[in-house]
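First comes the structure, then the notes that go with it.
The values are calculated or read from the model by the stated rules, or taken from the named source; none is laboratory data. Since this is a predicted model, take the numbers as computed values, not measurements. Here the Cβ positions follow ideal geometry from the backbone for every residue, glycine too, while neighbour counts run over all protein chains shown. Quick note on the areas: whole protein, heavy atoms, side chains included, nothing else; ligands and nucleic acids left out. Shrake-Rupley method; radii C 1.70, N 1.55, O 1.52, S 1.80 Å.
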Amino acid sequence: MQLPDESIEFNYQGSLCPLIDAFTPLAELQAQNFLSQEAIDGLKKRLMEVRQQVASERELPNPPAKMLPLDAGFIDLPAKLLDKHRRKGDDSELGRILKAAEKLRAEAGRVVVLGIGGSYLGAKALFDALCHTYHNELPEKMRMGKPRLYFEGNNVDNDALQDLLELLENTCIDPDIQDERWAAVVISKSGGTIETAAAYRIIRAELSRFYGNGSEKLRKRIVPITGKSGKLYELCKADGFADEEILNVPDGVGGRFSVFSAVGLLPAAIVGIDVRALLLGASTMTRRFLEEPFERNPVLQYAAVNHLLATEKKKNTRVLAVWSKKLESLGLWYDQLLAESLGKQGIGPTPLTVVQTRDLHSRGQQHQEGVRDKVVNNLIVKSPRHAPIPIGMADNNQDDLNSLARKTISDVLYAACVGTNQAYWEAARPTTNLILPVLSEHTMGQLMQMLMLATVVEGRLLGINPYGQPGVEAYKKNMLSILKSPPPEGKPS
Ligand code: PA5
């Protein structure tokens, strides 16, 4: 597959101390808050060791107990999926994912995707970034036959779930009409997550009511994605699913690192996202990470700059400023990736996603003048997908915009971005720019793989295991024991 050169770039000039020949209060402030070139150079040897370590962790057949969990399978997954698909076609894992997507597209006008955390956020990020902003509202013709997509089971919100059921009840009336049929994808790696399991039970009952009881009909309208054992797997077997009807979360790929498995790829393929281009972008990034020197290696640069700003300059709040509405869910995906991977042993940066310019009008004041604990990583899309929209002339010029009539919405965004970076620079507030030439499958593939790899590198630099999330178990244990105990006297159940 030939793709235009869509390499993503990383630029960290906004975090580097300028070379100065005169003492000024600003130069002093910048020296306190920005990184010196020597600090970055000083980390390079360690970075090369960490890259070597991360690369070798891919190959370990039987890792020692102290290294567990070790979920490095995501690193080579994109290349492996593409390679097997080239050799085995429909019989490969990617072939099965594409086939399942095709079937659901032909079968239903609406698809509900159930999952939480790593079993939800990646698919939502891809859907929001790469589909039409109003995909679900578009007439069928404009959606080119792709189903509408809904996400549930990512919370326990009674009224939101009821709203979805009502929507389905009122729009899916006649099961003989394709556009009025609906289907579900249920995703849980462990198969035991209560949020997803409870939603699935309710959705499954609803599907049975709509299509009539009968496992054959149900199986045509449900695609489960889970591990090779666990409660969801067992339930599917009891419902009559054959092994080849259950898509797999591969062993050695952790939940929040699973976007390039069926977990993210099936929902993406259902709505027509080119998953091969995604995988190609991701595998290109793996190669760049493993082969390129620091100077051309965005993974190592991003990890190094953010690591040093956190450990040496106390910038523990990691702001991802996305300069496109369509990337907000990508930001939430990164929030989980960073928080669950590095928030351990009493340390780790605190992630925060802001959408610009929207949040300049809410958080901007604090980021300009508040506590000096932040680094702002800008995520910028260079060219919009559509032609830039001009502001235009108007007879009534009370808003004073005629002087800007030829400027476009893209020009305004560009000015806001450059102006904000300049304001932060002049206040000695560190920034970096992560630049996507366009928003496409290929750039999203690179970006997500880059952030996953950088998170693993950062974990190793901190001496923290980036895989696993032992701290999440505490609430689950309490929740279950509260659910199973009788309600205290006098209190409603
Ligand atoms: O990163 C992780 O492993 C977690 O966030 C999981 O994705 C999340 O808890 C959902 O788990 P499961 O897919 O087992 O339902």
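Among residues belonging to region 211-247 that are open to solvent by 30 Å² or more (accessible area, probe 1.4 Å) and hydroxyl-bearing (S, T, Y), point out the one that is farthest from A100 (Cα to Cα).
S229
If K228 meets every condition in (1) within 16 Å of the ligand (Cβ to nearest atom); (2) at pLDDT below 95; (3) touching a helix residue (DSSP H, G or I) at 6+ places or on another chain (Cβ under 8 Å); (4) more than 25 Å from N478 (Cβ to Cβ) apart from one, which number is that one?
In the conditions (1) within 16 Å of the ligand (Cβ to nearest atom); (2) at pLDDT below 95; (3) touching a helix residue (DSSP H, G or I) at 6+ places or on another chain (Cβ under 8 Å); (4) more than 25 Å from N478 (Cβ to Cβ), K228 misses (3) alone.
Give L337, L309, L360 a once-over and let me know the one that is in the same structural domain as K44 (by TED's automatic domain parsing), part of a helix (DSSP H, G or I), within 16 Å of the ligand (Cβ to nearest atom) and out of contact with any Asp or Glu (no Cβ under 9 Å at 6 or more places or on another chain).
Among L337, L309, L360, only L337 is in the same structural domain as K44 (by TED's automatic domain parsing), part of a helix (DSSP H, G or I), within 16 Å of the ligand (Cβ to nearest atom) and out of contact with any Asp or Glu (no Cβ under 9 Å at 6 or more places or on another chain).
Could you list, ordered by first residue, the pairs with Cβ atoms under 7 Å in which the first is in region 250-278 and without any contact (Cβ under 8 Å) to a residue 40 or more places away in the chain and the second is within 14 Å of the ligand (Cβ to nearest atom), at least 6 apart or interchain?
From residues that are without any contact (Cβ under 8 Å) to a residue 40 or more places away in the chain, there are no pairs.
Which helices (runs of 4 or more DSSP H) does region 83-201 wholly contain that include 1 or more residues that are open to solvent by less than 70 Å² (accessible area, probe 1.4 Å) and charged (D, E, K, R)?
The helices (runs of 4 or more DSSP H) meeting that bar are 93-107, 121-130, 140-143.
How many residues are surrounded by 18 or more Cβ atoms within 10 Å (Cβ to Cβ) and closer than 16 Å to S324 by Cα if we restrict to region 365-382?
6
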